[in-house]
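As structure tokens, the structure follows; a few thoughts come after it.
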Amino acid sequence: MHYTLHHTSWAENKTELSRIRRAVFINEQQVPEELEWDEYDETCQHIFVTDEYDQAIATGRIKPDGHIGRMAVLKTYRKSGVGSAVLNALLHHAKKLRLQRVYLHAQITAIPFYIKHGFVVCSEEFIDAGIPHKTMEKIIALLVSPYTNNTNTEHDNHSVLLPGWLRFGNTEQDQLLRTLADMHTALLDATQNALRTIRINTPDLESDLYDFDPFISALTGFIRDNRHASVQILVQDTRSAIQHGHSLIRLAQRLTSSIEIRKPASEDKVNTSSFIVFDNSRFIFKNNNTNSGLYNSQCKPRATKLLELFTPAWELAEQDIETRRLSI
């Protein structure tokens, strides 16, 4: 399907924007007309999409504070990728505004769509215009900060302690991860942009990081969309993950040809660092026992250094039979 994205204002394209919203919200979903139109349209950035016949078929808007809303796609064009195109355009605009966070009020039926795009539910269910909703948010910009000296023994979630051999290469794109939400945002971004390989080195399959539904969805999509996708997970101790029914283990049981979990062959081969390398240039390094770390989307020299740790250990490692024999 051929379509064209338009960045516009309410003053420029009120007719096209209102026609789509009237069809979807007022006519289809029975939203009262007085609730559909508000004073924010005048100050929002609007996106709309036209098809090959120059007919407007989808729209969305974003307020200056990062509130995304009025996402609407004409029924005939749903599940064609048009909604994703609108949302990605709005996210791109938010980045241009240097916003760190965007949020939206998602209809319950649309939540899976937003999860696939890295949004996380952050409220209880509520009713808006007679329709059940939940608030969702996405962190889109992570604070950039130099890492601290690795000789410093005291640190908090604002510090990143890197080994000396990771202190080189393209540091301009280093993004400091200070919270678990930052970690999740980086993990989703990297997974959604991975091309072929994901290699995870983890002490115990860190449940707070990896047992995370949006990540599992993104990983499933990565495997589904890439015929030669490969996920290699090197984990020192799987006992806690097995006991608690870790969702990454369940996924590995379903997708055995794409995901493999191994354990180091012996204690002297164990590297207890926590990191992930995506293809050969993107990586996340996590400080042990904290939710702080570093994300870089384009630094092949440091990604290569991490792979030099991972690959020999992987080749000597043994397949983790315990994670394969569990019932699904």
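The values are calculated or read from the model by the stated rules, or taken from the named source; none is laboratory data. Here the structure is a predicted model, which is why all the values come from computation and not from measurement. All Cβ positions, even for glycine, are placed from backbone atoms using ideal geometry, and neighbour counts span all protein chains on display.
Taking the conditions (1) in contact with a Cys (Cβ under 6 Å, 6 or more places away or on another chain); (2) under 17 Å from Thr109 (Cα atoms) in turn, Lys63 satisfies each one other than (2).
Could you tell me whether the stretch 204-216 includes any residue that is assigned to a loop (DSSP other than H, G, I, E, B), among the hydroxyl-bearing types (Ser, Thr, Tyr) and touching a helix residue (DSSP H, G or I) at 6+ places or on another chain (Cβ under 8 Å)? No, the stretch 204-216 has no match at all.
Scanning the stretch 125-139 for residues that are modelled with pLDDT under 90 and hydroxyl-bearing (Ser, Thr, Tyr) yields no hits at all. Every listed requirement among (1) under 18 Å from the mean Cα position of the chain (by Cα); (2) at pLDDT 90 or above is met by Phe119 save one, (2). Between Leu316, Leu326, Leu306, which is surrounded by fewer than 19 Cβ atoms within 10 Å (Cβ to Cβ) and at pLDDT 85 or above? The conditions single out Leu316. Take the stretch 54-70 and flag every residue that is charged (D, E, K, R) and within 20 Å of Thr4 (Cα to Cα). Matches in the stretch 54-70: Asp54, Arg61, Arg70.
Among residues of the stretch 122-135 that are in contact (Cβ under 8 Å) with a residue 24 or more places away in the chain and closer than 16 Å to Tyr103 by Cα, those with a Cβ under 8 angstrom from a residue that is acidic (Asp, Glu) and part of a loop (DSSP other than H, G, I, E, B), sequence gap 6+ or separate chain, pair up as His133/Glu125; Lys134/Glu124; Lys134/Glu125.
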